[in-house]
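First comes the structure, then the notes that go with it.
The values are calculated or read from the model by the stated rules, or taken from the named source; none is laboratory data. All figures in this text were calculated on a predicted structure; none of them were measured in a lab. Note that each Cβ is placed from the backbone with ideal geometry, even for glycine, and that neighbours are counted across all protein chains shown.
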Amino acid sequence: MSTLRDAILAADDLERQPVNIEGWQFPVFVRVISGRERQQLVEKWGEVKDDEAAMQDLLPFVCALCLVDEDGSRPFEPTEAGDLELLKAKGARQLEAVYHAAMRLNGMEDDSLDEAVADFTETQSGDSGST
C-alpha cells in the first residue's frame, strides 16, 4: 500500500507545454520548475535585478532552466556557463518568447520574483526556529 508521501513523490507534476517559436521550425516545450529550481531562479533574480549588465544573464538562465524536449529532457544546463553562452548567441526574440512562456507557465512575472526575493531574504535573515 502506497503512502501519501510515496504518491506525492511519484506524481509527474512538472507539466510541459508546447511553445511555437517564430523562426524555429521544430517543436519546443517549456516546463514547470521544481521547488529547488524556483529557489535557484529567485536567488539569480536577487543577484541581477539591480544590475542591467548582469540582467542579461537571466534570459538564457530561465531558458536553460525551462526548455525541454517532448520527453522532458533539457538540451541546456542552467548551471553550465558554456550552455548559457550558446543561448546568448540565439535570437533575442526567440529567447524572449521562451522566457515569457516559461514565466507564465510557472506563475512568475517580474513583480512576483521581487516578492519571492524579499521573502527569501527575510527568511534567511530571520529566526531559524520552526513555526
Review point. Using beta carbons and a limit of 6 Å, which pairs, at least six apart or on different chains, have the first residue in the stretch 40-54 and within 15 Å of residue 65 (Cβ to Cβ) and the second one part of a helix (DSSP H, G or I) and β-branched (Val, Ile, Thr)?
Key: 42/117; 45/117
Point to revise | For residue 61: the one exception among (1) closer than 16 Å to residue 104 by Cα; (2) touching a residue at least 40 places away in the same chain (Cβ under 8 Å); (3) aromatic (Phe, Trp, Tyr) | key: (2)
Review point. Under the condition of being loosely packed, with under 12 Cβ neighbours inside 10 Å, of a type outside the set (A, V, I, L, M) and assigned to a loop (DSSP other than H, G, I, E, B), which residue from the stretch 79-91 is modelled with the highest pLDDT?
Key: 80
Review point. Do the conditions hold for residue 74, that is, is it modelled with pLDDT of 95 or more and under 17 Å from the mean Cα position of the chain (by Cα)?
Key: yes
Review point. In the stretch 46-60, is there at least one residue being at pLDDT 90 or above and in contact with a Pro (Cβ under 6 Å, 6 or more places away or on another chain)?
Key: no
Point to revise | Of all residues in the stretch 33-78 being β-branched (Val, Ile, Thr) and more than 21 Å from residue 18 (Cα to Cα), the one that is surrounded by the fewest Cβ atoms within 10 Å (Cβ to Cβ) | key: 48
Practice item. Could you please find all residues in the stretch 92-116 being of a type in the set (A, V, I, L, M) and either surrounded by 18 or more Cβ atoms within 10 Å (Cβ to Cβ) or modelled with pLDDT of 95 or more (or both)? Key: 95, 97, 98, 101, 102, 103, 105, 108, 113, 116
Exercise for review: Answer yes or no: is there a residue in the stretch 34-48 that is out of contact with any helix residue (DSSP H, G or I) (no Cβ under 7 Å at 6 or more places or on another chain) and aliphatic (A, V, I, L, M).
Suggested key: no
Exercise for review: Would you mind listing the helices (runs of 4 or more DSSP H) fully within the stretch 1-72 where at least 1 residues are under 15 Å from residue 99 (Cα atoms)?
Suggested key: 35-48, 52-55, 58-66
